[in-house]
Each structure stands twice: as C-alpha cells, then as structure tokens.
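Peer 1: I'd like to ask some things about the structure below.
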Amino acid sequence: MNKYWQGFAQSIILFNVLSFSSKIAADQIIVMSNTRKDLPIKIESTDIANQDYIWQLEISPNQQTRQIQIKLMNPHPTQRILNRRALEIANTITLTQLPQVNNDFKNKTLNLDEENIARTTYYYGKYSLFIKFPKSIDYAIKPHFSQLQTMLEPFCQPINTKIANSNPNVRFDSQGNIALNVTFLVGTEGQIRKLEYMPNINHDIKIILEPLLKKIRFYPRNIAGVLTSFSIQQPIIIQCHAVKNEMT
C-alpha cells in the first residue's frame, strides 16, 4: 500500500464501504427455468435505526396485464416507515428491468414448461428482491485514486520554508501534506450534483481532482422514509515528500 493510499484510507474511515456491492443499477440476468430468481440487492441509507434488517419482497410479473405484483414477505415488526419505503422501492421496478429469457434453444430438448417460457420475452415466474437500509452514508461507486498522488505531487512545497504556504489555494498540514475538505452535494439517486472545496483550490488542482470526484456515487438516502438529497464532507490528504530547500 503506497503512502498516499494510507493517508486517503484514513480519511474515508467514516464511510464503512460495503464490500459486496459497487453498483446501483441492476444487471441483466438470463434465465431458462421456472425457479425463483433473486434480483440484485437494493441499498438505501436512512436515519432510522433498524439493526441491519434485510427486507425480502416477492415480485411477480403478470403475463396478461404486464404489470408487476409486489408482496412484502417479512415486514419489520416495528419499523412501519421502512416497510412502506421497501414497497415503494419495489414498485419502481418495471417489466423491462426483469431478466429476459434466453431464446437460443437450438439443439436443446425442452420440457413443456421450458417451451412455454421460450415463447416469451420475459420470465413470468417469481423473483426475490432484498433491500437494506443502513444508517451510514456509503459509497455505491468509489473513485480510483491510485494515480492521484503522482498527479498532485508537483503542488507539494518543501516543509519549513518561507514558500510552504505561499499559495493561498493550497493548504498544508503540520506534516507538510496537502489537506482539504470536499463537500459533496448529492442528489436523490446518489449522483454528485456539486462539489465545494475548503479552502478553495486553484484551477490546476481542480482539473485533476474534480473528474475523479465526480465519478463517485453514493447510495440513495431517505429521511424518515422520504427519499432526499443530502450533503456530506470528505477530508482528503495528499502526502508530500520532504524536500530539501536548495535555495540560497
């Protein structure tokens, strides 16, 4: 682990990034059976404590009406607001988001059920959808910072010299590292709408840093069960090398 990543990892400890998921959107699933299928888990942070409860919903598309029927299989015994929010999330799923049937059946022997499925575009069986409402605000998509240290190192200044803080748009900490706080203004779908820097950073740093930060996605968030936009502050530290002052 390089020295930058160690510094940055310390700065993001508050996020508790979920290791099993890095996507918001569901991937297409190809099916060829009449068994129950699990859809990708959905995650939405909340301000309501729920002890890491996992909601399970059954989704059944109707082939005649092409409508989706939703059933909450395990409502939380006390959190009615989150029960309702889980149903609201499930009701946003449309038929076109469900798995499509693989129609490549050449040289295959099909039973009667499979032949019926093969004549349809979508699988009209039952699906399981799992939903979590963690209290922490988490990354859905993390940016790649592996090259950031090298790219921003030219902005480092020698430690303990008169020019160390000569640039008002670059703040150095007591170890001579570049230190700044970024406030993310996040939309209801977890997308970055705006970035604010403290202190303000110069244009040269911004054109390097901002494209990376704008790739970040957070999980959506609800407050009291209502989907909402939010803001969160992220400290960033770029570790600088100690450079001897060769000026005379």
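Peer 1: Give the ranking of 184, 130, 230 by solvent-accessible surface, highest area first, calculated with a 1.4 Å probe.
Peer 2: From most exposed to least exposed: 130, 230, 184.
Peer 1: Sticking with this structure for a sec: Calculated FRET efficiency, residue 80 and residue 173, Cβ-Cβ r, R0 51 Å, to nearest 0.05?
Peer 2: Values: r = 47 Å, r/R0 = 0.92.
After rounding, the FRET efficiency stands at 0.60.
Peer 1: Calculate, for residue 204 and residue 128, the FRET efficiency according to 1/(1 + (r/R0)^6) with r their C-beta to C-beta distance and R0 41 Å; round to the nearest 0.05. The partial results should precede the final answer.
Peer 2: Working: r = 50 Å, r/R0 = 1.23.
After rounding to 0.05, the efficiency reads 0.25.
Peer 1: Express the relative contact order of segment 34-90 as a whole percentage, based on alpha carbon pairs under 8 Å and six or more residues apart in sequence.
Peer 2: 27
Peer 1: A further question on this structure: With a point put 7 Å past each Cα toward its Cβ, work out how far residue 67 is from residue 38 in nm, to one decimal.
Peer 2: A separation of 3.0 nm, rounded to one decimal place.
Peer 1: Rank these residues by their accessible area, most exposed first, probe 1.4 Å: 207, 137.
Peer 2: The most accessible residue leads, giving 207, 137.
Peer 1: Working with all protein chains in place, sort 170, 226 by solvent-accessible area computed with a 1.4 Å probe, largest first.
Peer 2: These residues rank, largest area first, as 226, 170.
Peer 1: Residue 141 versus residue 52, label points 7 Å from Cα toward the beta carbon: distance in nm?
Peer 2: Placing both labels 7 Å beyond Cα along the Cβ direction yields 2.7 nm.
Peer 1: Assuming 0.36 nm per residue, please report the length gained on full extension of the stretch residue 181 to residue 87 beyond their Cα-Cα distance.
Peer 2: Contour length minus the Cα-Cα distance gives 30.1 nm.
Peer 1: Among residues other than residue 195 whose Cβ falls under 13 Å from its Cβ, what is the net charge (Lys/Arg +1, Asp/Glu -1)?
Peer 2: +3
Peer 1: With θ set to phi - 60°, apply the Karplus curve 6.51 cos²θ - 1.76 cosθ + 1.60 along segment 76-83 and write out the HN-Hα couplings as whole Hz, x wherever there is a Gly or Pro.
Peer 2: 5, x, 10, 8, 5, 4, 6, 4
Peer 1: Modelled label-to-label distance, residue 150 and residue 233, 7 Å Cα→beta-carbon offset: nm?
Peer 2: 3.3
Peer 1: Moving on to the next point. Kindly write out, for segment 230-237 in residue order, the coupling ³J(HN,Hα) from the Karplus curve 6.51 cos²θ - 1.76 cosθ + 1.60 (θ = phi - 60°), rounded to whole Hz, with x marking Gly and Pro.
Peer 2: Once rounded to whole Hz, the list reads 7, 10, 8, 9, 10, x, 10, 10.
Peer 1: Net charge around residue 229, counting only other residues with Cβ within less than 12 Å of its Cβ (Lys, Arg = +1; Asp, Glu = -1)? Could the numbers behind the result be given before it?
Peer 2: Numbers: positive: 193, 194, 221; negative: 189.
The answer is +2.
The values are calculated or read from the model by the stated rules, or taken from the named source; none is laboratory data. These figures come from a predicted structure and were not determined experimentally. Every residue, glycine among them, receives a Cβ derived from its backbone with ideal geometry; neighbour counts consider all protein chains shown. Just the protein is used for accessible areas: all its heavy atoms, side chains included, with ligands, DNA and RNA removed. Shrake-Rupley method; radii C 1.70, N 1.55, O 1.52, S 1.80 Å.
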